[in-house]
Each structure stands twice: as structure tokens, then as C-alpha cells.
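To start, the structure under review is shown below, and the notes come after it.
The values are calculated or read from the model by the stated rules, or taken from the named source; none is laboratory data. On a predicted model such as this, the values are computed, not experimentally measured, just so you know. With ideal geometry, Cβ positions are generated from the backbone for all residues, glycine too; neighbour counts draw on all protein chains shown. Just so you know, the surface numbers come from the protein's heavy atoms only, side chains and all, with ligands and any DNA or RNA stripped out. Shrake-Rupley method; radii C 1.70, N 1.55, O 1.52, S 1.80 Å.
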Amino acid sequence: MMIQLWLPLEDGEDAERRSKPSIYRCVYCGAGANTRDHVPPKSLLEKPFPPNLRTVPACQRCNTAWSADEGYLAIVLAQVGHVPHLMSKVEAGGAVDRALAASPGLDAVVTRALQVAQDGRVWLAPDFDRLSRIVTKVAYGLYCLRYGTSRSKEQFSLHWLAGPDQELPQHLVAAHYVWPGIRRKRRSVVQKGVFSFLFARGWMVGDPPLYCLMNFHETIFAAVSCPAPIGQKADKRLRAKAWK
């Protein structure tokens, strides 16, 4: 699967949890957790960070395992984003410009991903596997916070990923609504214009039990297939109040 991304012409409860991380298990691998992992990652948000950030228990290995891929997604977003706060990052002296200047290897990776269409427009062919790993991981973390850890990460898979110029498939449009009727479901906003998400039931034949629909910076839109939730009292310690 390849997508074309056109370039533009902590609250008190979390503090208490962090003080005793050893009593929790890493939500990703099941090992003892000695850190907290932000969901979504701070690298995909904007400063100043919102006050309602959520975390899940994680071991040090898992907490750092996705750092490079998270940074890669942040760079891809900045390269193809049409919104001002992303475009400023690739300008001279911007965050992405500095990151690429400090890492010639990464700069070469991004340069090789640039393609020119027949009409002369430039687009980016990103590493789909890297994007898939992070998008799926974020969806899994959100699921753990909402429904608990009764499901394994292997049961989650990327269903759809696209840039701002691509239309939403009809079956995903339907998932945004409460049926029967036409009432649109409300998205949870972590940071306005930066990241929002929605857990929605699939209505069409062949749909998974649940979708996690995510919007990254009004630039990349993703749908992750999720298993049906299983309520377990032991998981309530991970659950958090919904984002406003």
C-alpha cells in the first residue's frame, strides 16, 4: 500500500501513578513497567502541551522503542502539512529544518522519498511500515485508556491511511454517525487542530467490531481496526475520563 502526500506549493492522578510504576505491567509487552508512555506521544503534539495528557504504564524498552519512528512521522507531517504551525517547522531554522541538518542520514531518507508527478507536482512517498507502526501503537494506547488492557496489540491493524487531499471511504464516513439516524458522533480532542480521535463501530459488511479514527494535524487521517472491548475490573486503573 502506498499513499501520496502532496507537499504544499499531567494531572495529579498521573503524578501519583508515576511515583509507583513498578506495580503496573507494560501495556505493550507485559513486563514490569518503570515508566509512563504518553498517548499520543508528545512529539506529535504542539507546545504548549495541553493539561489533559494521558499516559499508560510502559517498560523503558518499549517507551523508547518507537522514538525514531515517532520522530519520522513528525517530520512527514511537517513536510506535507498545509497548516501554518507545520509549515513553519520546515522553514530555515525551524524544528524540522534543524533536525534534518543535524541528521544527514535522515535528510537523505526524506529526500529519496520525494517524487515528481507528470504534472510537475511534488509528493512524498513515505515509509508506510514506519507510519503504520506508530499509528497502530497510538490507537492501541488510546484503546487501553478507554477500554482497558484485555486485548493484545497484535489484534490491532492499520485499516486506512491518507493525506489531506484524499476523500474518506464511504464505510468510514458511515462509522462517524449513530445509526439509525444522522447524528454525527463527537470526536475527542486532545489538542485542537493537532490531534483528535473517535472510537466508532463499523456498520458495513466486513467492517471490524471497532475503528479508532484519528486526525493528525488536519494532515494525516487514519483508521485502525480494533477488537471488541471486554470489560474487566482489573483494567479500571488504566481508564481515564474522556477528553473534552
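Looking at segment 176-190, can you tell me whether even one residue there is assigned to a helix (DSSP H, G or I), open to solvent by 20 Å² or more (accessible area, probe 1.4 Å) and either closer than 24 Å to Pro50 by Cα or at pLDDT below 90 (or both)?
no
Which pairs have Cβ atoms under 8 Å, sit 6 or more apart or on different chains, and link a residue in segment 31-42 that is over 7 Å from Thr55 (Cβ atoms) and of a type in the set (Gly, Ala, Ser) to one that is in a helix (DSSP H, G or I) and open to solvent by 10 Å² or more (accessible area, probe 1.4 Å)?
Ala31/Arg61; Ala31/Cys62; Gly32/Ser22; Ala33/Pro21; Ala33/Ser22
Any chance you could count how many residues in segment 151-185 are acidic (Asp, Glu) and closer than 18 Å to Phe221 by Cα?
2
How many residues does segment 65-108 hold that are within 25 Å of Gln166 (Cα to Cα), open to solvent by less than 50 Å² (accessible area, probe 1.4 Å), touching an Asp or Glu at 6+ places or on another chain (Cβ under 8 Å) and assigned to a helix (DSSP H, G or I)?
Number satisfying all stated conditions: 2.
Quick one: which of Glu154, Glu167 is surrounded by fewer than 19 Cβ atoms within 10 Å (Cβ to Cβ), assigned to a loop (DSSP other than H, G, I, E, B) and either out of contact with any strand residue (DSSP E or B) (no Cβ under 9 Å at 6 or more places or on another chain) or of a type in the set (Lys, Arg) (or both)?
Glu167
With respect to the numbered conditions (1) β-branched (Val, Ile, Thr); (2) under 13 Å from the mean Cα position of the chain (by Cα); (3) open to solvent by 40 Å² or more (accessible area, probe 1.4 Å), which one is the sole condition not fulfilled by Val194?
(3) is the only condition that Val194 fails.
Could you grab me the full set of residues in segment 114-139 that are touching a strand residue (DSSP E or B) at 6+ places or on another chain (Cβ under 8 Å) and either open to solvent by less than 10 Å² (accessible area, probe 1.4 Å) or of a type in the set (S, T, N, Q) (or both)?
Gln115, Leu124, Leu131, Ser132, Val135, Thr136, Val138, Ala139
Name every residue in segment 47-63 that is out of contact with any strand residue (DSSP E or B) (no Cβ under 6 Å at 6 or more places or on another chain) and open to solvent by 30 Å² or more (accessible area, probe 1.4 Å), in order of residue number.
Lys47, Pro48, Phe49, Pro51, Asn52, Arg61
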